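Novice: What follows is a structure written as C-alpha cells; I'll ask about it next.
Every number here is computed from the coordinates shown, using simple stated rules; none is lab data. Predicted model only: the values in this text are computed from it and were never measured. Counting neighbours? That spans all protein chains shown, and the Cβs are built from the backbone with ideal geometry, glycine included.
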Amino acid sequence: MPAKYTSALHVLEHVFGYTAFRGEQQAVVEHVASGGDALVLMPTGGGKSLCYQVPALLRNGMAIVVSPLIALMHDQVSALVEAGVNAAFLNSSLGADAARAVERALHEGSLDLLYVAPERLMTPRFLDQLDHLRDTNRLALFAIDEAHCVSQWGHDFRPEYLQLSILPERYPSIPRIALTATADRQTREEIATRLRLGEARRFISSFDRPNIRYTIVEKDDPRRQLLGFIREEYPTDAGIVYCLSRRKVEETAAWLQEQGLNALPYHAGLAQEMRAEHQNRFLREDGIIMVATIAFGMGIDKPDVRFVAHLDLPRSIEGYYQETGRAGRDGMNAQAWMAWGAQDVVQQRRMIDESEGSEEFKRLGRNRLEVLVGLVEATTCRRQHLLAYFGEAAEPCGNCDNCLVPPQTWDATDAARKALSCVFRTGQRYGAGHLIDVLRGESTEKVLERGHNQISTFGIGSELDEKRWRTVFRQLVARELVAVDHERYNALALTDHARPLLRGESDFLLRLSPEKSKSRSRRSATRLDIPGGIPTTVFDQLRAWRAATAKERNVPAYVIFHDATLREIAVGRPASLSELGGISGIGDRKLEAYGEDILRVVREAG
C-alpha cells in the first residue's frame, strides 16, 4: 500500500477532491479494501466507480477492472490520470507499441488500475500475466463493472461475462466487486449465481434519483411534442432521444437538425467510424443531442446530460430506469420525458411473441412490459411505481408530472363494457375504427353492409366523441383486455382479462388529458433552472477555459472538471489556492495543474 494513502478518506480528499463519502460508498470501500467480496447495486450517478477505485489505491498491487466498452475505459482512465492515478487500459484501440508498453507495466505491476474487456482478460496470455501478479503479491482486486451484462434476460447481455466465473477458482484469495446501476431481484440473483458471488456481501442503495423529473405524455404528433419539450426546457443542453428502430433514429435526427438543433444519429447499423465520431462529439462537445437506439448509452459517463427522451416505449421498466438514469449524473436537475401510445404496447408484444427466445423468456418479457404499461398509465406518483418495481417503498415525490399536476380521471367502466360487448357482437373481426362507428351509431357503408346497424350495440355509445372512444380502445389494448390480431388487419378480440370487467367485478378508470394551457403553465412555473446566485459570466468563462483545456489535452471537458465544481467556483470566487482546494471535486493533482489558471479566470471575470 502506498505510504501517502493513509486511509480511505485520505484517498477521497487528496486524490478525488471530496471530503465525505455518500451513502453506502464508505461501507463498500472498507469491506473491499479489507479483502471482502461485494455485489453493489447503486444508481447511475451514485458514485459506483469510487467503490473500487479507492480500495485499489489502498490495497497492495494492481486492480483489474472489467469493463464492456472501449469509450468507458478511455474516459475512466483519462479522469484517473487527471487526478494523478497511475491507470491504463488495454483494448483493441491501442497500437502495437502502446499495447506493449501497457503489457510491460502490467508485468511490472507498476499500475494502480488496469481496465480491460472481458474477452481480453480471458485470453491465456493475459491470465498468465495475472498469475505472475498473484504469485508476486501484486494483484489487488477484480472489479466487474456493468455486472448486469451477465444476465441473459437483459438486452445488454454479453456472453463473455459468463466466463468471469473462473476468477474465484483461479484467484480465490483476491477480492471481487461486481457493480451495476440497475437490476431487479431476479437479475441480482443471476449475477450472484453466474459470477459465483453468492457469499458476497450485498450493498443495495436506494434506486431513487430525486434530481430526475419523470414526465410521460400520450402521443399526439410526438415529434412536435419532443421539439416543444426541448425548446422550452433545454434549448442549449445535451440530451439523448431513444427510438425503437434505426430508421426512426435517422429520420428523427435529420428532422431535429432541420429545426436548428445539434442532433446526431447513433445505431448499430451505422459505420463504426461514424458511430465513434458521433459518440466522441457527444462526449466532448456541449449541447449535442444524440438520437439513438438502445445500442447507445451503456457506460456513457457524461455527467451533464440534462434530459433523456423516449419517442417509443422501452422494452421494460428496468430498461427505462437504466436509460433515463443517463440523465443528471452530476446531481443537477434533469428530466426523463416520454411520449407513448397503445400502438407501442402492441408493437412491443409482437416483438416479444416473434422473438427466438424460449417460452419462459417470452413470458418474462410480457410480464416486464405489463409492469411498464402500469407505469405509463399511472395516475399517481411515477416515482413510487418505479421504485416499487425494485422493492423500494417511497412517499409521493413531488417531482413528476402526476405529482405536480395530478391528472383528472373519469370512470370509464360503463364505456369499456360497451366497447367489449361491441367487440363480441361484431364477431371479434374488426378494428377500432369500425367498432367506434357502430358504438356511435354511424350508418357508414361498411356498417350497413355488415348489418351492424341491427345489433344491440349499435348507437349505445353516442354520448362519447370519436377521440374519447379511441382512448378507451387504446387503454383496453394496453391493459390486455382486448388483443390485436395483426394477420386480420388489426382486428380486436377479447381476452380472458376482459371477463372480470364484463361481469361487473372490476372498474375501469382512465386519465383525462390535461388542458394544453395548464401544461404550459406548469412547465413555466416548475422549470428546472440553474440554481440562483451564480454569476453567469464567471461560470461561462470557466466553461470556456475548461473547453480549451480539454481540447488541448484531448479529453472530454467533464474529465477536467464537472459543471458542479465550476458552479461552486463561480459562486465562491476563491482568491487563493487554499480556498480553491476546499472546492468539491478538486484534488491535489488538479489543484497543482489548474489552480493558478482558475484563479486567473476568476480574477479577470471581476
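Novice: For the chain, what does the alpha-carbon gyration tensor say about shape, rounded, prolate or oblate, given a ≥ b ≥ c as the root eigenvalues, a/c under 1.5 as rounded, and a/b over b/c as prolate?
Specialist: Cα axes put the chain in the prolate bin.
Novice: Hey, how many Å between the Cα centroid of the range 77-147 and the Cα centroid of the range 318-340?
Specialist: Centre-to-centre (Cα) distance: 32 Å.
Novice: Then there's this: Taking the Cα centre of the range 410-508 as origin, work out the dipole magnitude from +1 charges on Lys and Arg Cβ and -1 charges on Asp and Glu Cβ, in debye rounded to 20.
Specialist: I would put it at about 100 debye.
Novice: Which of the pairs Lys219/Lys248; Lys248/Lys467; Lys219/Lys446; Lys219/Lys418; Lys248/Lys302; Lys48/Lys302 have their Cα atoms more than 19 Å apart in this structure?
Specialist: Beyond 19 Å between Cα atoms: Lys248/Lys467; Lys219/Lys446; Lys219/Lys418; Lys248/Lys302.
Novice: Now, a different point. Sorted by packing (mean other beta-carbon atoms within 10 Å per residue), highest first, where do 257-263, 420-426 land?
Specialist: Peptide ranking by packing, descending: 420-426, 257-263.
Novice: On a full-extension model of 0.36 nm per residue, what is the gain between Glu370 and Leu448, subtracting their alpha-carbon distance, rounded to one decimal in nm?
Specialist: Full extension from Glu370 to Leu448 adds 24.3 nm.
Novice: Relative contact order, percent, of the chain when contacts are C-alpha pairs under 8 Å separated by at least 6 residues?
Specialist: Here the relative contact order equals 14 percent.
Novice: Would you kindly state how much longer the chain becomes between Glu579 and Ile166 on full extension, computed as 0.36 nm times their sequence separation minus their alpha carbon distance, in nm to one decimal?
Specialist: Contour length minus the Cα-Cα distance gives 143.8 nm.
Novice: According to a simple spin-label model (label point 7 Å from Cα along Cα-to-Cβ), what is the distance in nm between Asp507 and Arg185?
Specialist: With each label point 7 Å from Cα toward Cβ, the separation is 2.8 nm.
Novice: What's the FRET efficiency of Glu285 with His10 using the Cβ-Cβ distance as r and R₀ = 41 Å, to the nearest 0.05?
Specialist: 0.70
Novice: Shifting gears a bit: With a Förster radius of 25 Å, plug the Cβ-Cβ distance of Glu258 and Gln343 into 1/(1 + (r/R0)^6) and report the FRET value to the nearest 0.05.
Specialist: 0.50
Novice: Further question on the same structure: Using alpha-carbon positions, what is the distance between the centroids of the range 415-492 and the range 248-290, in Å?
Specialist: 42 Å
Novice: Where in the chain are the DSSP H helices whose alpha-carbon span along the long axis reaches 20 Å or more and whose Kyte-Doolittle mean is at least -1.0?
Specialist: Helices passing the filter in the chain: 359-377, 536-553, 588-604.
Novice: Just to be sure I understand the model, the point goes 7 Å from the Cα along the line to the Cβ. What's the resulting Glu359 to Asp220 distance in nm?
Specialist: 4.3 nm
Novice: Let me ask something else about it. What FRET efficiency do you get for Arg603 and Arg470 if R0 is 56 Å and r is their Cβ-Cβ distance, rounded to the nearest 0.05?
Specialist: Once rounded, the FRET efficiency stands at 0.35.
Novice: Then there is this: Answer rounded, prolate or oblate for the range 8-204, using the Cα gyration tensor with square roots of eigenvalues a ≥ b ≥ c: rounded when a/c is under 1.5, else prolate when a/b is larger than b/c, else oblate.
Specialist: Rounded, since a/c falls under 1.5.
Novice: With unit charges on the beta carbon (Lys/Arg positive, Asp/Glu negative), name the residue among Gly228, Val28, Cys51 whose Cα is farthest towards the positive pole of the charge dipole of the chain.
Specialist: Selected residue: Gly228.
Novice: Under a plain spin-label model, where a point goes 7 Å from the Cα along Cα-to-Cβ, how far apart in nm are Ala268 and Thr19?
Specialist: About 4.8 nm, to one decimal.
Novice: Looking only at the chain, where both bridge partners belong to it, what percent of the DSSP beta bridges are antiparallel (to the nearest 5)?
Specialist: In the chain, approximately 15 percent of DSSP beta bridges are antiparallel ones.
Novice: What length, rounded to one decimal in nm, is gained on full extension from Asp496 through to Leu227, with 0.36 nm per residue of separation minus their alpha-carbon distance?
Specialist: Between Asp496 and Leu227, full extension yields 92.8 nm more.
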